[in-house]
Amino acid sequence: MRVVVFKTVAGAGIGEEIAESARLVASELVGNVVRLCGPWAPVVVQVYPHEGHVLIQVHDPEPAVLPERRDQAPDNAKAEAGRGLWILDALAPGWTVKPTPVGKQITCTLPAPVLRSV
């Protein structure tokens, strides 16, 4: 999934830095689903590179459990987990969660200038 996200974004003419950010955002979201639902949960990751932004949507089957920040600071060196939502806030501010008929969908928008050479 990480490779496909990176190649999809970079292949659309968006820089590798944004492609790496998209890969990180998708990875954090999928990791949260696996921790919540287990390794065999059906997860759908959609990536839509557009001029000016990259849209990432992750669907999971658990509608009742919403993403929640832990009580620790994101720079707590002793913490083993709990930084994912802080990463989303930094890379894709304004991410949203909405229920779907089969679970929930988290949508993130990363600002992304198009870097295609002319």
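The values are calculated or read from the model by the stated rules, or taken from the named source; none is laboratory data. If you're wondering where the values come from, they're calculated on a predicted model, not measured in any experiment. Please note: Cβ atoms are built from the backbone with ideal geometry, for glycine as well, and neighbour counts cover all protein chains shown. Just the protein is used for accessible areas: all its heavy atoms, side chains included, with ligands, DNA and RNA removed. Shrake-Rupley method; radii C 1.70, N 1.55, O 1.52, S 1.80 Å.
Tabulated values for the structure
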{"read-out": "Theoretical FRET efficiency, 1/(1+(r/R0)^6), r = Cβ-Cβ of residue 51 and residue 27, R0 30 Å, to 0.05", "value": "0.80"}
{"read-out": "Using a Förster distance of 22 Å, the FRET efficiency for residue 36-residue 107 (Cβ separation, nearest 0.05)", "value": "0.80"}
{"read-out": "Area accessible to solvent at residue 55, 1.4 Å probe radius, in Å²", "value": "40"}
